[in-house]
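Engineer: Here it is, the structure, as structure tokens.
The values are calculated or read from the model by the stated rules, or taken from the named source; none is laboratory data. Just so it is clear, the structure is predicted and the values come from calculations on it, not from any experiment. Cβ placement follows ideal geometry from the backbone for every residue including glycine, while neighbour counts extend to all protein chains displayed.
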Amino acid sequence: MKNKLWNWSDIRVFLTVVRVGSTLAASRKLGMSQPTVARRVEALEREIELTLFERETRGFRPTENGRNLVIAAEVVEAAATEFLEQAAELAEARPIRITAYSGNFSPRMVDIVNAFSAENPGVAFEFLPSVRALDLSAGEADVALRLARTEPDPNLICRKVSDAKWSLFGGYSYAEKFGLPVSIEDLGGHTFVTFRRGDVPNVIHEWLEQHAAPEQIVATFSEMDLMHAAIRSGQGLGISNVKLVEADEELIQCFESIDDLTAPHLILISQEAYRRQEVKLFVKYFAPRYAALFR
């Protein structure tokens, strides 16, 4: 016998014919035409190189080989049924996993998700806050809200939200002691705090290194929230996303956004996730409402 894995549907047809006694009755039970049922039985017989039925005028009677294979076929049937049931449970329970920098999970963003959930109560969500860009193609997340300083993976589905702007900010205590620069050319004599870590592009830190002397950078943080806290406390000036801190009354924007740091703000979705109906429905609902937050 050839070492091949045959189609489960052929085994299902075989079992149905055994149980009901004819291809006509099996066709009614399976929702197939009688010739299709007969062809599937013949295909299975060719595949395993055994005759499974005696063809009689009153129907199909299992041969000895056919009878001997019924129990094994029923084991396959039970396994296939269990597989489908577990797959359905997993699909129903699987949440839509959204990754973004923690600051992107703002109350207004979460309100959009909650409104979608109210209209689609069977859909669950999991939020994955991360500065590192999780690999959507590898299944680390389904949807990402991300700033893209390089071309995104062409295998991902992409929706542009806005152009993210960055500028220099200071706290009130720093401004009272030292004043604030009014332009990029006015950075001399000021001190800075910065954000840098090994698992993300350090474009902001690199820009600051190009425009300030090393001794002007007095602290480096691997967490954005810690850098913001240092700016508020007056430890130094720091660069931040304008939209991210617009509601922070303790931070003062020094001057207009820095053009060199502008980056596209994108929604990215993995191809596999987008094949799920609930993900496609969510993206269609979420994308325009999320983009409206940045206009």
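Engineer: Being buried (at least 17 other Cβ atoms within 10 Å of the Cβ) and either among the charged types (D, E, K, R) or at pLDDT below 90 (or both) is the filter here, so list the residues in the stretch 1-11 that pass it.
Structural biologist: Within the stretch 1-11, the subset buried (at least 17 other Cβ atoms within 10 Å of the Cβ) is 10-11.
Of everything in the stretch 1-11, just one residue is buried (at least 17 other Cβ atoms within 10 Å of the Cβ) and either among the charged types (D, E, K, R) or at pLDDT below 90 (or both), namely Asp10.
Engineer: Also, quick follow-up: So Asn241 passes all but one of these: (1) modelled with pLDDT of 95 or more; (2) crowded, with 17+ Cβ neighbours inside 10 Å. Which condition number does it fail?
Structural biologist: (1)
Residues are listed down the side, and each one gets a yes or a no for (1) closer than 30 Å to Val17 by Cα; (2) within 18 Å of the chain's Cα centre (by Cα); (3) assigned to a helix (DSSP H, G or I):
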{"site": "Leu69", "(1), (2), (3)": "yes, no, yes"}
{"site": "Ala73", "(1), (2), (3)": "yes, no, yes"}
{"site": "Ala80", "(1), (2), (3)": "yes, no, yes"}
{"site": "Ala115", "(1), (2), (3)": "no, no, yes"}
{"site": "Pro121", "(1), (2), (3)": "no, no, no"}
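Engineer: Can you tell me which residues in the stretch 167-182 are in a loop (DSSP other than H, G, I, E, B) and among the basic types (Lys, Arg)?
Structural biologist: Within the stretch 167-182, none qualify.
Engineer: Where residues in the stretch 17-35 are assigned to a helix (DSSP H, G or I) and within 41 Å of the chain's Cα centre (by Cα), which of them is surrounded by the most Cβ atoms within 10 Å (Cβ to Cβ)?
Structural biologist: The extreme case among them is Leu30.
Engineer: Would you call Arg196 under 15 Å from Ile269 (Cβ atoms) and either surrounded by 14 or more Cβ atoms within 10 Å (Cβ to Cβ) or polar (S, T, N, Q) (or both)?
Structural biologist: Answer is no for this residue.
Engineer: Let me ask something else about it. Can you give me the number of residues within the stretch 134-176 that are buried (at least 20 other Cβ atoms within 10 Å of the Cβ), under 24 Å from Ser257 (Cβ atoms) and among the small types (Gly, Ala, Ser)?
Structural biologist: 4
Engineer: With the structure loaded, tell me whether Leu208 is of a type in the set (A, V, I, L, M, F, W, C), touching a Pro at 6+ places or on another chain (Cβ under 9 Å) and modelled with pLDDT of 95 or more or whether it fails that test. Spell out the reasoning first.
Structural biologist: Numbers: of a type in the set (A, V, I, L, M, F, W, C): yes; touching a Pro at 6+ places or on another chain (Cβ under 9 Å): no; modelled with pLDDT of 95 or more: yes.
So Leu208 fails the test.
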